[in-house]
Amino acid sequence: MIEIENITKRYGESTVVDDVSLTIAPRTVTVVVGTSGSGKTTLLRMVNRLVEPTSGAIRLDGEDNRALPGYELRRRIGYAIQGHGLFPHRTVAENIATVPTLLGWARARIEAKVEELLSLFQLDPASFGPRFPHELSGGQQQRVGVARALAAEPKVLLMDEPFGALDPIIRAKAQDDLLAIQKHFQTTIILVTHDMEEAFHLADRIAVMDKGKVVQYATPAEMLLKPATPFVESLIGAGERPYRLLAIAPVSSAVEPGAAEGAPISSAASQREALAELLWSGRDALPVAGPDGAVIGKVSLEGLAKRAAGPA
Amino acid sequence: MRELRLDKLGAIIAALALGGAFIAPFATFRANRIVAGEVKSVLDALPAGWSAVLLGIVVCAVAVAAVRSPAVLRLVAAFVALATLALGIGVAATHLTPEGNTYARVSPASGFWIMLFAFGLLAADALTRLRPAPFVRVVVLVAVLGFIGILLLSGSWDGLSILKEYASRVDTFWAEARKHVTLALGSLVAATTVGIPLGVLCHRVTRLRDGLLGVLNAIQTIPSIALFGILIAPLGWIAVHVPGAAAVGIRGIGVAPAFVALFLYSLLPVVANTVVGLAGVPRDANDAARGIGMTDWQRLVGIEFPLAFPVILTGIRIVLVQNIGLATIAALIGGGGFGVFVFQGVGQTAMDLVLLGAVPTVVLAFAAAIVLDAVIEMASPNTRQAEAA
Ligand SMILES: Nc1ncnc2c1ncn2[C@@H]1O[C@H](COP(=O)(O)OP(=O)(O)OP(=O)(O)O)[C@@H](O)[C@H]1O
Ligand SMILES: [Mg+2]
């Protein structure tokens, strides 16, 4: 659990983060969104004390984050910085191994971890491990940056626009991998992004920042149905709302009894994918296949239309 | 067949070399070390066979230099010509010195120096065009020094006046050489030991930076002789008043003030380059290092130093070359070194003696520059790629 309590950061006259309070449940993903300069990075960096707050407190699992020396705190918290921040004079493998080395892991364990992470991010360990950062593409560098943040299996992970430089296909894959890693290691993640699509895909909760303040902190569904301010509404994008609403719920929660023609859709797919398939194939309903492949019902255009409707 | 085209620099080199070979004198003969000499052309200075060979090789090398030719060929031509010159001057010395005469002196004359310069330029230009890897440059240096060493040991230069000066000073020569190197290297080591931490401090404490760099800059502008002079009084005072100081060699004149002066001159390049190098470390890398949980010390040693290292080394290179040159002046205040021969020679108007001090100094400085340049390039793996791009 991360408790951010009345945290404020001022640089001279300007208040960059203004009296922010958030409680982040363990093993969840919180996504921070907001315009450029709204204080997202600053908020993130106060959690691992790269920035010392002007006032307020942050507790990790009930313990004040000032109880430990800063560097020890930071070894326990993974941090993928905005940009990749790789060390130019160290190879990819050495970069990833940085924190485990600082923590004094055995060599074999470090090597195994480096290989595991590189493979996970679709980088062949034999070919990429010995390279230097400048021999990688921007997207590859970014993935290595994220791998480095994950290396010591931290319980808390801070990520500042980690997938900004990735193409849509690798980005989607990286997002799914991140969710899988998060489930597997039970990590609590705070992630900053400008991409609302990404925010809705990853978030258990979204915090919207505007001029240093958190203007809304809610689940994606709540935010779509009840945006707190016009700013939040415009950030979500009025034209996108019905689709986002469908995108965050699985087909399984929209199954109706009955049969339908044609190829079935998986119950794990999002309702938006079901809608797209309905529109594209010109059908009124699709059969739905459960996890075992057996058809468990149908999903209909009419049913999805109701679900996509906002509050009256 | 390909058209032969003129090479601009090569044409100048060719003109110089031809002038040096056919117009200017090759060697000077003097009845003893201080009288005025008579100059001898290549034809007079060398036995007939030798002068033909030397002129032939010079003409061939000039032909290679004048037209646009492959860099490797130019390099070979330059080295062959230089080697012939080196051998030739030794032969001239033996040829011109009358049998059994120990007073007569033979030394290279303007034509020799002009050709040496011309072909040296050709070699340097060819090497620049070839862009050899740092390791290869060091190998070339070692080969050239080895060749000179063989010439020296084989005695083929023994007839030259500079070696006659050497022969009568074998013991002092090596003692002064040791002093010279100790002075230059010792002050460098001291300046590095003090300067790098000072540079780190300046980097971390911004307010200190401007003040300290200002003071060091001011020291740098004091003429070296004046600085030696300024140091005589305080060091003399220390020698008298601090117990034990005199015992460890601290005196108003001698090695101590020379050492202190070289040390002070060395500080600025070391400190300034450390500051510049550390400032050039990418912000992101520093930020990530902190974010990942490195302590300030780990960040300094593991990230900042390695990234700033090539720039710091550049500072050390400047200091080493500068110190090797400046250490000559130490002789003025009894600090020893090659300067001893230079100033003795000036006093006795014996040019050969001046050269006995000057030539080793130049060779040392040159070798140090080449070796450190190679080390710097090897320490910064990204530079060659950046150049290629
Ligand atoms: N060290 C600092 N000194 C002074 N002002 C700062 C400092 N760091 C950040 N700021 C200011 O604080 C504000 C918030 O910066 P921050 O980096 O948190 O924004 P952000 O929301 O992460 O923006 P972006 O989306 O562009 O990354 C900006 O106006 C920035 O100029
Ligand atoms: Mg930011």
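The values are calculated or read from the model by the stated rules, or taken from the named source; none is laboratory data. In this text the structure is predicted, and so the values were computed from the model without any measurement. Please note: Cβ atoms are built from the backbone with ideal geometry, for glycine as well, and neighbour counts cover all protein chains shown. Accessible surface areas use protein heavy atoms only, side chains included; no ligands, DNA or RNA. Shrake-Rupley method; radii C 1.70, N 1.55, O 1.52, S 1.80 Å.
Annotations for the structure displayed:
- Residue that is nearest to A:Gly237 (Cα to Cα), among those in the range A:35-69 that are within 20 Å of the chain's Cα centre (by Cα) and either more than 16 Å from ligand 2 (Cβ to nearest atom) or of a type in the set (D, E, K, R) (or both): A:Lys40
- Here the range B:1-21 is the region considered, the condition is being over 30 Å from the mean Cα position of the chain (by Cα) and not in a strand (DSSP E or B), and the residue that is surrounded by the fewest Cβ atoms within 10 Å (Cβ to Cβ) is B:Met1.
- Taking first residues from the range B:54-78 that are in contact (Cβ under 8 Å) with a residue 60 or more places away in the chain and partners that are loosely packed, with under 15 Cβ neighbours inside 10 Å, the Cβ contacts under 7 Å between residues at least 6 apart in sequence or on separate chains come to B:Ala66/B:Leu6; B:Ala66/B:Ala11; B:Val67/B:Leu4; B:Val67/B:Arg5; B:Val67/B:Leu6; B:Arg68/B:Arg5.
- Hits in the range B:297-314 - residues which are at the interface with another protein chain (Cβ under 8 Å from one of its Cβ atoms) and open to solvent by 20 Å² or more (accessible area, probe 1.4 Å): B:Gln298, B:Pro306, B:Leu307
- Any helices (runs of 4 or more DSSP H) falling wholly within the range A:44-140 and containing at least 1 residues that are β-branched (Val, Ile, Thr) and away from ligand 1 (no atom under 16 Å from the Cβ): A:92-96, A:98-102, A:107-120
- Failed item in (1) more than 16 Å from ligand 2 (Cβ to nearest atom); (2) part of a helix (DSSP H, G or I); (3) in contact (Cβ under 8 Å) with a residue 40 or more places away in the chain, with A:Pro154 passing the rest: (2)
- Subset of the range B:194-214 (residues that are surrounded by 12 or more Cβ atoms within 10 Å (Cβ to Cβ) and of a type in the set (Val, Ile, Thr)): B:Val194, B:Ile196, B:Val200
- Subset of the range A:15-40 (residues that are of a type outside the set (D, E, K, R) and more than 16 Å from ligand 1 (Cβ to nearest atom)): A:Ser21, A:Thr23, A:Ile24, A:Ala25, A:Pro26, A:Thr28, A:Val29
- Top-ranked residue in the range A:160-189 [being under 11 Å from the mean Cα position of the chain (by Cα) and within 16 Å of ligand 1 (Cβ to nearest atom); ranked as nearest to the other protein chains (Cβ to nearest Cβ)]: A:Asp160
- Considering residues of the range A:92-109 that are surrounded by 19 or more Cβ atoms within 10 Å (Cβ to Cβ) and in contact (Cβ under 8 Å) with a residue 40 or more places away in the chain only, the residue farthest from the other protein chains (Cβ to nearest Cβ): A:Val92
- Scanning the range A:9-34 for residues that are over 17 Å from the mean Cα position of the chain (by Cα), open to solvent by 10 Å² or more (accessible area, probe 1.4 Å) and in contact (Cβ under 8 Å) with a residue 12 or more places away in the chain returns A:Lys9, A:Arg10, A:Thr15, A:Val16, A:Asp18, A:Asp19, A:Ser21.
- Flag if A:Gly293 is free of Cβ contacts under 8 Å to residues at least 60 places away in the same chain, surrounded by 19 or more Cβ atoms within 10 Å (Cβ to Cβ) and either among the polar types (S, T, N, Q) or at positive phi (or both): no
- Any pair with Cβ under 6 angstrom, 6 or more apart, that starts in the range A:37-50 at a residue that is over 11 Å from A:Met209 (Cα atoms) and ends at one that is of a type in the set (Val, Ile, Thr) and near ligand 1 (Cβ under 6 Å from one of its atoms): A:Thr42/A:Val16
- Qualifying positions in the range B:338-353 - open to solvent by 20 Å² or more (accessible area, probe 1.4 Å) and in contact with a helix residue (DSSP H, G or I) (Cβ under 7 Å, 6 or more places away or on another chain): B:Val340, B:Val342, B:Phe343, B:Gln344, B:Val346, B:Met351
- Filter result for A:Ala149 (within 16 Å of ligand 2 (Cβ to nearest atom), hydrophobic (A, V, I, L, M, F, W, C), within 14 Å of chain B (Cβ to nearest Cβ) and open to solvent by 40 Å² or more (accessible area, probe 1.4 Å)): no
- Only one of the listed residues (B:Val375, B:Val363, B:Val319, B:Val342) is farther than 30 Å from B:Arg251 by Cα, hydrophobic (A, V, I, L, M, F, W, C) and either at pLDDT 90 or above or in contact with a strand residue (DSSP E or B) (Cβ under 6 Å, 6 or more places away or on another chain) (or both). That residue is B:Val363.
- Cross-chain or 6+ apart pairs with Cβ under 9 Å, the range B:216-237 first and free of Cβ contacts under 8 Å to residues at least 60 places away in the same chain, then among the charged types (D, E, K, R): B:Leu235/B:Arg251; B:Gly236/B:Arg251
- Strands (runs of 3 or more DSSP E) wholly inside the range A:157-273 containing at least 1 residues that are on the phi < 0 side of the Ramachandran plot and free of Cβ contacts under 8 Å to residues at least 24 places away in the same chain: A:213-218
- Lone qualifier among B:Gly293, B:Gly277 - being crowded, with 22+ Cβ neighbours inside 10 Å and at the interface with chain A (Cβ under 10 Å from one of its Cβ atoms): B:Gly293
- When A:Leu73, A:Leu44, A:Leu68 are checked against the criterion of being buried (at least 19 other Cβ atoms within 10 Å of the Cβ), within 14 Å of chain B (Cβ to nearest Cβ) and under 17 Å from A:Ala152 (Cβ atoms), A:Leu73 stands alone in meeting it.
- Of all residues in the range B:151-174, one or more are surrounded by fewer than 16 Cβ atoms within 10 Å (Cβ to Cβ) and on the phi > 0 side of the Ramachandran plot.
- Test result for A:Leu50, open to solvent by 10 Å² or more (accessible area, probe 1.4 Å), in contact with a Phe, Trp or Tyr (Cβ under 9 Å, 6 or more places away or on another chain) and within 11 Å of chain B (Cβ to nearest Cβ): yes
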